[in-house]
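I have placed the structure first, in the form of structure tokens, so that the comments after it can refer back to it.
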Protein chains: 2
Amino acid sequence: MRHYIGIELGVNDTVVGVVDKYGHLIRKESQPTGIERPFEEIIKDAATLIKQVLEKDEIDIKSVKYIGVGFPGIPNLKEGYIVRSDNLNLRNVSVRTELQKYYHLPVLVENSANCAALAESVSGAAEDIDFSVTVKIGNGIGCGIIVNNKIYSGFNFAGAEPGHMVIAMGGESCSCGRKGCWEAYASANALIRQTRIAAESNPGSLIHKVVNNDLSQITVFTAFEAAKLGDGAAKEVVNKYIEYLGEGIVNIVNVIMPEAIIISGEISKLGETLLNPLKDIVDSRIYSKDIAQPELKTAEMGSAAIVIGAAMLGLYKETSIPG
Amino acid sequence: MRHYIGIELGVNDTVVGVVDKYGHLIRKESQPTGIERPFEEIIKDAATLIKQVLEKDEIDIKSVKYIGVGFPGIPNLKEGYIVRSDNLNLRNVSVRTELQKYYHLPVLVENSANCAALAESVSGAAEDIDFSVTVKIGNGIGCGIIVNNKIYSGFNFAGAEPGHMVIAMGGESCSCGRKGCWEAYASANALIRQTRIAAESNPGSLIHKVVNNDLSQITVFTAFEAAKLGDGAAKEVVNKYIEYLGEGIVNIVNVIMPEAIIISGEISKLGETLLNPLKDIVDSRIYSKDIAQPELKTAEMGSAAIVIGAAMLGLYKETSIPG
């Protein structure tokens, strides 16, 4: 039996998983990434983690075909290095060269949102869908476009960043330097910020109660919980947030018209509470009414999505590799 | 020698052209479309125009392989009909059935901006570019995405409408029903509106002089001309307009990262006057700096782009036809 190793190089944790050819996770282990350390040490630790994962399941390294690595940022797919990762504070470092110090295996790299999208396509919410876009709502908004089980990332591998599509010219400042990007309105961080501001301006709001008067405990679920309890300020946060999210989704539909859009990230656990009002916005605002419309779904791969997608990189090669 | 007929069903004129296999226009003729008339009559006139065009060049109808038809709206590619064209005020009418009353030839239909984009790709500004987006600035903003000489229009053939991407939530009303769409800020109509408003609020502006005090004569060039003469109000219109156009282009780059973006429509005649400041905005605002960037170019196909692209439809089949 063949095995595939996926690594998620995350801001907080490095996760290593071993996956079978169907995209099923056999085991994963994680440890803090420690991004303040030299890159060589981070990769050395990942290499040790690979050894541990394989040993725990008595998997022979000879059965492993390659190692795939997902990270937040821009990859150079051909040469296996990180062009830029603002989140990991890395530029032009070779994942391939470092990992191959420990394993004589092919090493593939990819943006982590693209990995998550690939995982949904291989064995998750987009399994039977030829052309999907996965929208990953986290600190920012990461996206992956999948066409026929292949990642599409543009001619220079840096594409599919609708999080940095301006929806409100001159609006909220974004980490990318523009003003009004979608992720400045519809990321998890943005929702938490919007919830906190509403709480601060409404001392009587139930938002305070939901977090036991500790606003640092606000999560993406807080406003939804308080809204369910009937709180007006929270309802306004929820309605506006869903509208922000919807405007970006309608934009994606109008621009590239995929068969399905998959919402992933922690907030997707809300299921229909999120999806139903979002569908109403999308249905009423898309340009091309009167014909078949993209499906809107929540993700199914959970927290292992990036690791699984990274492990599948070699099986489903990118369409954007020229030639 | 084989010939290909292209028809542009436009709001004002119907244009019929005959084209060789290299996408070179041999001859075209036009007449007013008369959109208030029954669809059958419009197509009957187009059929007569085909006859005239062929006769003038003594081209035998037997050398014609098929007829391609471009129109503003949503096509059903498989069955050759117009799903919806708000501009032509048509819904669910079969171009194929009507044209085949006069010619026993295959009839293909496509959105006119997609035809223009295909023409640029076959023999225009995107000739050597695998993956291009053509942005056609007219009454609205029409776009076509071309991948390897094929039109990409999404799973339901209604995609590639970045003109209806919101860049200013809650902003200017758009014909599509949303508020803040790109075309409400960056179309030719929008620029003319912006120029008129600036003239009305600045009685001493040179805009008045450029149009001989007749604001109904304002074109997409008026503000640029007055700005060149040093007029402050016109300069502001020009700078803002280029920023609006740039915001949408940066969005397209961040979302789908094509190799090149081709600006077409009358305003593209401004050449570097338009392109240079636009490039500055794009370079400074795109998400993925430090790597190869899409080229920004002006269109080369001129007013025959839609006819030529329509004529080429059968040679370069759509990628979005399933199977």
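Worth pointing out:
- Distant-in-sequence amide H partners of A:Tyr66 (H built 1.01 Å from N, under 5 Å): A:Ile5
- Dipole size of the stretch B:10-166 about its Cα centre, with +1 on Lys/Arg Cβ and -1 on Asp/Glu Cβ: approximately 340 debye, rounded to the nearest 20.
- Of the residues A:Ser30, A:Ser153, A:Ser63, the one that moves most in a GNM of chain A with alpha-carbon contacts below 10 Å is A:Ser63.
- A:Val93 long-range amide H proximity, modeled H, under 5 Å: A:Ile82
- Share of carbon and sulfur in the accessible heavy-atom surface of the protein assembly as shown [1.4 Å probe, %]: 46
- Distance distribution P(r), the stretch B:186-323, all Cα-Cα pairs, bin width 10 angstrom from 0: 11, 33, 30, 19, 6, 1, 0 percent.
- Helix B:232-256 and the long axis of chain B differ in direction by around 50°, with both axes built from C-alpha atoms.
- Rounded to whole Hz, the Karplus (6.51, -1.76, 1.60) HN-Hα couplings of the stretch A:134-148, x for glycine and proline: 9, 10, 9, 9, x, 3, x, 10, x, 9, x, 9, 10, 10, 6
- Copy-to-copy label distances for B:Glu200, where each label lies 7 Å from Cα along Cα-to-Cβ, are 4.0 nm in order of increasing length.
- Each Cα pair under 8 Å and six or more residues apart adds its separation to the average, and for chain B the resulting relative contact order is 21 percent.
- Neighbours of A:Asn251 by Cβ distance under 14 Å: Lys/Arg scored +1, Asp/Glu scored -1, total -4.
- Residues whose amide H lies under 5 Å from that of B:Cys143, counting only those 5 or more places away or on a different chain, are B:Lys136, B:Gly163; hydrogens are built 1.01 Å from N in the peptide plane.
- Its Cα gyration tensor gives the stretch B:1-87 an equivalent ellipsoid; the semi-axes, largest first and in whole Å, are 23, 15, 11.
- Kirkwood-Stokes translational diffusion coefficient of the protein assembly as shown, alpha-carbon pairs, 37 °C, 0.692 mPa s, µm²/s: 125
- Anchor B:Lys51: aspartates and glutamates whose Cα lies under 20 Å away (excluding residues fewer than 8 positions away in-chain): B:Glu8, B:Asp13, B:Asp20, B:Glu29, B:Glu40, B:Glu41, B:Asp60, B:Glu98
- Between 0 and 90°, nearest 10: helix B:272-285 axis offset from chain B longest Cα axis: 70
- Qualifying GluC sites (Glu not before Pro) for the stretch A:66-163 [loop in DSSP, other Cβ within 10 Å: at most 12]: A:Glu79
- Compared with the alpha-carbon gap, the fully stretched path from A:Arg91 to A:Glu172 is longer by 26.5 nm at 0.36 nm per residue.
- GNM flexibility winner over chain A from A:Gly154, A:Gly163, A:Gly142 (Cα, springs under 10 Å): A:Gly154
- Probing with 1.4 Å while keeping every protein chain in the model, the per residue accessible area of the stretch B:203-323 equals 42 Å².
- Taking Cα atoms only, the orientation of helix A:188-201 departs from the longest principal axis of chain A by about 30 degrees.
- Straight-line cross-link partners of B:Lys150 among the lysines, defined as a Cα under 23 Å from its Cα and at least 8 positions apart when in the same chain: A:Lys150, A:Lys317, B:Lys21, B:Lys65, B:Lys78, B:Lys136, B:Lys297, B:Lys317.
- Prolate is the label for the stretch B:105-209. Its Cα gyration tensor axes, ordered a ≥ b ≥ c, give a/c of at least 1.5 and a/b above b/c.
- Within the shell defined by Cβ-Cβ distances under 13 Å, the residues around A:Pro38 carry a net charge of -3, with Lys and Arg each +1 and Asp and Glu each -1.
- Inter-chain neighbour count for B:170-176: the average number of beta-carbon atoms from partner chains within 10 Å of each residue's beta-carbon is 2.
- Förster radius 45 Å - calculated FRET efficiency between A:Asp130 and B:Leu229 (Cβ-Cβ, nearest 0.05): 0.25
- Taking Cβ atoms as reference points and 12 Å as the exclusive limit, the residues near A:Ile82 contribute a net charge of -2, counting Lys and Arg as +1 and Asp and Glu as -1.
- Positions from the stretch B:79-122 whose accessible area shrinks by 50 Å² or more when the full protein complex is built, not the chain alone, probe 1.4 Å: B:Arg84
- Spin-label model, A:Arg2 to A:Asn139: label points 7 Å out along the Cα-to-beta-carbon direction sit 3.5 nm apart.
- What you get for the protein assembly as shown, charging only the Cβ of Lys and Arg (+1) and of Asp and Glu (-1), is a dipole of about 280 debye around the Cα centre.
- Karplus (6.51, -1.76, 1.60) ³J(HN,Hα), θ = phi - 60°, over the stretch B:43-54, in Hz, Gly and Pro reported as x: 6, 4, 5, 4, 5, 5, 4, 4, 4, 4, 4, 5
- Distribution of pairwise C-alpha distances over the stretch B:206-282, 10 Å bins, in %: 18, 46, 26, 10, 1
- Rounded to whole Hz, the Karplus (6.51, -1.76, 1.60) HN-Hα couplings of the stretch B:292-304, x for glycine and proline: 4, 10, x, 7, 10, 9, 9, 5, 10, 7, x, 6, 8
- For chain B, convex hull of alpha carbons as volume per residue, Å³: 141
- Counting only aspartates and glutamates at least 8 places from A:Lys289 when in the same chain, those with an alpha carbon closer than 20 Å to its own are A:Glu243, A:Glu247, A:Glu259, A:Asp280, B:Glu79, B:Asp86, B:Glu110, B:Glu161, B:Glu183.
- Peptide B:256-269 has a mean shielding of 2, counted as Cβ atoms of other protein chains within 10 Å of each residue's Cβ.
- Total accessible area lost when A and B pair, probe 1.4 Å, Å² to nearest 100: 4000
The values are calculated or read from the model by the stated rules, or taken from the named source; none is laboratory data. As the structure is a computational prediction, the values presented were derived from the model and not from experiment. Positions of Cβ are generated from backbone atoms using ideal geometry, with glycine treated the same way; all protein chains shown enter the neighbour counts. Surface areas here come from the heavy atoms of the whole protein model, side chains and all, with no ligands, DNA or RNA. Shrake-Rupley method; radii C 1.70, N 1.55, O 1.52, S 1.80 Å.
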